[in-house]
Amino acid sequence: MLADTWHLFGKYMRITLRMPMWTFFTLIQPLIWLVIFGQLFRNMYQASVPAGGHYMDFLVPGIVIMTVLFGSAWSGVSLLRDITSGTVDRMLVSPVSRVAIVLSRVLHSAAQVVVQSVIILLLAVLLGAKISLNPLHLGLMLVIVMLLGIAFASVSNGLAILLQREEPLVAIGNLMTLPLMLFSSALMPVALMPEWIRTVAHFNPIDHAVAAVRSVLIAPMDAGTYAIGFSVVAVFAAVTTGWAISAFNSLRD
Amino acid sequence: MIQVKGLTKIFPSGLRAVDGLDLTINAGEIFALLGPNGAGKTTTIRVMSTISGFDEGSVQIAGYNVDSDPQKVRESIGVVAQQTGIDYFLTGRENLALQGQLYRMNRADINARIDELGGYFELHDSLDRLVSTYSGGMRRKLDIACALIHRPRLVFLDEPTLGLDIKSRQSLWRYIEKLNREFNLTILLTTHYLEEADNLAHRVAIINLGKIQVIGTPAELKHSVQGDSVVLEFAAGDPHAGKFATAIKQEPFVSDVLWETDKLHLYVDSGAGRVPRIMQAATEHGTTVRTLSLAEPTLDDVFLKYTGASISGTAGETTDEWWKQWAGKGGGNWSNKWQADNGKPAEGTPDAADWQKWQQGDNKGGGNASGEWPQDRDANPSSNAGPEQSQDSNQKWPSDKWSGSDDWKKRDKPE
């Protein structure tokens with residue numbers, strides 16, 4: 001199973017590397033948010049949270065998580081293409097592990113968002129964000145990025161199998177990503193949220209992911225917050241991956 | 001090599017896609033499944049290649065049961081599906097190597113096999129180019145090479161030459177024949193090209209409505225149609241054609257009468273000598289024969305006899321059937337809607353306009369909404385035999401369109 005996953009993962013990576021444009025293309029939106037939101041909310045943030053430092057620094061972890069969401073939530077679209085083009089059938093008639101088919105896709109998505117978030121981080125630093133560049137901190141951040149990428153790619157693949165069509169999948173992807181961002185501390189500090197949003201955010205894995213990334217990127221590092229965030233995201237990734245695999249296995253008609 | 005007994009597959013919609021199918025295919029044989037659109041060919045292949053479940057019956061492939069031993073079955077077979085499934089953004093070599101890895105072959109073996117297959121299919125020079133630069137014929141060859149990488153003893157080819165030009169098709173036939181001859185490879189292929197079944201297959205089964213209608217060598221099947229085939233074509237909607245058909249059937253020299261759209265097939269002994277009498281009878285009934293042709297029976301006649309439709313009018317199975325299977329797994333309303341949309345060409349395209357014209361021009365015939373091909377056309381009341389047949393072709397027409405194989409039908413239809 002691991003060998004199968006590795007071979008298929010290698011295939012997806014090879015295809016991605018041949019079309020690097022796509023990797024950059026999905027970066028455009030988070031970048032626009034980084035620039036526009038960074039300007040738009042700066043004064044408000046600094047007026048409301050006098051001790052909060054620069055808004056740009058606060059925003060970067062949120063934008064990193066946003067990159068993950070936008071980068072991985074479309075993985076299911078390419079699964080549908082593979083089903084239509086017969087690529088999935090070709091795998092299914094071979095003895096290849098069925099788990100590997102899903103796992104390789106999900107890991108490929110995760111690898112893609114890891115690269116994307118590194119790029120976003122570099123751009124943020126160029127734009128003047130002051131974040132920790134300690135390799136340990138960056139490594140811990142990338143763990144969260146990877147797990148969240150796995151989770152959202154799994155959700156997308158699972159939904160693709162249930163919905164069978166690209167259009168509703170894209171619609172749900174859009175519908176899903178924005179509220180998940182807004183019901184978290186990605187753009188707004190918890191202190192400024194109304195009570196009910198704060199409650200909702202508590203159940204939002206994105207909020208915990210943002211908190212975990214923020215806890216390592218902005219000094220001083222907050223190990224407790226990171227640990228909670230890591231646990232939430234890891235469980236989320238495990239559950240969604242399991243769900244996607246079982247959805248795929250039920251595909252045999 | 002293949003033993004199928006009482007195979008029944010019911011789609012969630014209730015459609016019996018395969019209905020009590022029995023099939024035995026021997027090692028070393030090239031066997032062709034011939035059938036109209038939706039006959040159950042692809043479904044049968046999908047069941048045999050372990051990717052579709054089934055409701056009743058037993059399926060043994062290469063000595064293994066598909067239900068209890070799917071992994072062994074997968075290792076023993078190679079499958080070339082209608083959708084090619086090769087990756088366009090990989091090179092031919094990478095596609096082959098990945099395929100080998102999926103079958104858990106070791107690196108050295110994979111490389112040796114790629115050289116071998118590359119040489120065999122004359123793809124050597126193109127192996128390191130991206131598949132997106134390949135021609136249709138080359139993709140098909142690569143497709144088949146991929147299916148052979150692990151040296152299976154049995155290969156399924158689902159419409160292997162669909163969409164290829166005649167030259168590529170014939171060249172592919174030679175490869176398939178050679179594979180069978182030199183490596184004793186057992187080949188099960190589905191096709192709607194009669195020449196393909198006739199040229200390649202040792203035995204042919206005609207499948208319709210999920211059942212095998214007849215099995216035999218091409219020669220046996222052609223022999224089962226008695227006498228010469230005389231094909232008469234009438235003016236569209238000729239009111240007297242039906243009466244004439246009933247009358248001519250009474251003649252002692254006519255063994256069978258079959259309608260195909262506006263064409264009437266007569267099977268007569270010593271055809272050439274009977275032509276004057278046939279023409280005389282036509283005149284007596286006040287009908288005008290536009291064209292008349294006389295030939296020895298072909299597989300097309302066999303097909304017409306057992307399915308009530310001409311195979312040239314049925315074309316290949318589209319991806320519809322395949323999608324229905326996946327969509328049935330929980331696509332719910334979305335997939336239903338999708339299928340409904342997909343049933344006819346999109347509005348506003350030239351196809352859509354033609355389609356609508358067809359519907360208006362042809363819906364005065366009988367119901368037959370179920371999409372089933374009538375078995376005994378000649379037994380019907382004579383007066384509406386003609387128009388009702390055209391209802392059939394109305395259903396078949398959109399698939400003709402894709403195959404592009406028979407323009408005659410479009411030209412000669414009543415408006």
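The values are calculated or read from the model by the stated rules, or taken from the named source; none is laboratory data. Note that the coordinates shown come from a computational prediction; the quantities given were computed from them, not determined experimentally. We place every Cβ from the backbone using ideal geometry, glycine too, and count neighbours over all the protein chains shown. Ligands, DNA and RNA are excluded from the accessible area calculation, which covers all protein heavy atoms including side chains. Shrake-Rupley method; radii C 1.70, N 1.55, O 1.52, S 1.80 Å.
Some observations on this one:
- For the stretch A:1-50, the ratio of Cα radius of gyration to the globular rule of thumb 2.2 N^0.38 Å stands at 2.01.
- Take the Kirkwood radius over Cα pairs of the stretch B:2-221, plug it into Stokes-Einstein at 37 °C and 0.692 mPa s, and you get 185 µm²/s for translational diffusion.
- A 1.4 Å probe over all protein chains sorts B:Glu296, B:Glu116 by accessible area into B:Glu296, B:Glu116, starting with the largest.
- Other residues whose C-beta falls under 14 angstrom from the C-beta of A:Leu8 contribute a net charge of +2, scoring Lys and Arg +1 and Asp and Glu -1.
- The distance between label points at A:Leu127 and A:Glu195 comes to 3.5 nm (points 7 Å beyond Cα on the Cα→Cβ vector).
- For chain A, with +1 on Lys and Arg beta carbons and -1 on Asp and Glu, the positive-most of A:Gly53, A:Phe9, A:Leu142 along the dipole: A:Phe9
- Taking all protein chains together, A:Val93, B:Val275 sort by accessible area into B:Val275, A:Val93, largest first [probe 1.4 Å].
- Working note: 222 nm ellipticity from helices only, DSSP H runs with n ≥ 4, each -39,500 (n - 2.57), summed and divided by the residues of chain A, gives -26000 deg cm²/dmol to the nearest 500.
- Taking all protein chains as they are arranged and a probe of 1.4 Å, the heavy atoms of A:Val232 leave approximately 50 Å² accessible to solvent.
- Prolate/oblate/rounded label for the stretch B:37-107 (Cα gyration tensor, a/c 1.5): oblate
- The stretch A:165-220 and the stretch A:95-120: distance between their alpha carbon centers, rounded to Å: 22
- A crude spin-label estimate for the pair B:Glu220 and A:Met13, with each label 7 Å from Cα along the Cβ direction, gives 5.5 nm.
- Scalar couplings 3J(HN,Hα) for the stretch A:189-199, obtained by applying the Karplus form with A = 6.51, B = -1.76, C = 1.60 to θ = phi - 60°, are x, 3, 4, 8, 7, x, 3, 5, 5, 4, 5 Hz; x denotes Gly and Pro.
- Of every Cα-Cα pair in the stretch A:2-249, the percent that sits beyond 32 Å: 21
- The 1.4 Å probe gives accessible areas that order B:Arg139, B:Arg174, largest first, as B:Arg174, B:Arg139.
- The stretch A:130-162 versus the stretch B:148-193: alpha-carbon centroid distance in Å: 46
- Unit charges at the beta carbon, dipole of the stretch B:2-221: most positive-side option, B:Ile2, B:Leu209, B:Leu148: B:Leu148
- Averaging over all projection directions, the Cα-based convex hull of the stretch B:240-298 occupies 3.9 nm² in the image plane.
- Within the accessible surface of the stretch B:2-221, defined with a 1.4 Å probe on protein heavy atoms only, the carbon and sulfur portion equals 48 percent.
- Summarising the amide proton neighbourhood of B:Ser52: residues at separation of 5 or more, or on other chains, whose placed amide H is nearer than 5 Å comprise B:Val47.
- Rounded to 0.05, the FRET efficiency of the A:His202 and B:Glu75 pair, given R0 = 41 Å and the Cβ-Cβ distance, is 0.20.
- Given R0 = 45 Å, the distance between the Cβ atoms of A:Ala219 and A:Glu167 translates into a calculated FRET efficiency of 0.50.
- The H on the amide N of B:Ser255, modeled in the peptide plane, is under 5 Å from the matching H of B:Tyr267, B:Val268, B:Asp269, each at least 5 residues off or on a different chain.
- Accessible surface, per residue, of chain A when the full set of protein chains is kept, probe 1.4 Å, Å²: 41
- Karplus-derived HN-Hα couplings along the stretch A:89-94 (A = 6.51, B = -1.76, C = 1.60, θ = phi - 60°), whole Hz, x at Gly and Pro: 4, 4, 6, 5, 7, 8
- Accessible area buried at the A-B interface, both sides summed, 1.4 Å probe (Å², nearest 100): 3700
- Only Lys, Arg (+1) and Asp, Glu (-1) charged, at Cβ; the stretch B:49-154 dipole about Cα centre in debye: 200
- Two-site label geometry, B:Lys167 and A:His54: point separation in nm, points 7 Å out along Cα→Cβ: 6.6
- Dimensions in Å of the stretch A:111-201 - Rg and Dmax from alpha carbons: 16.1, 44
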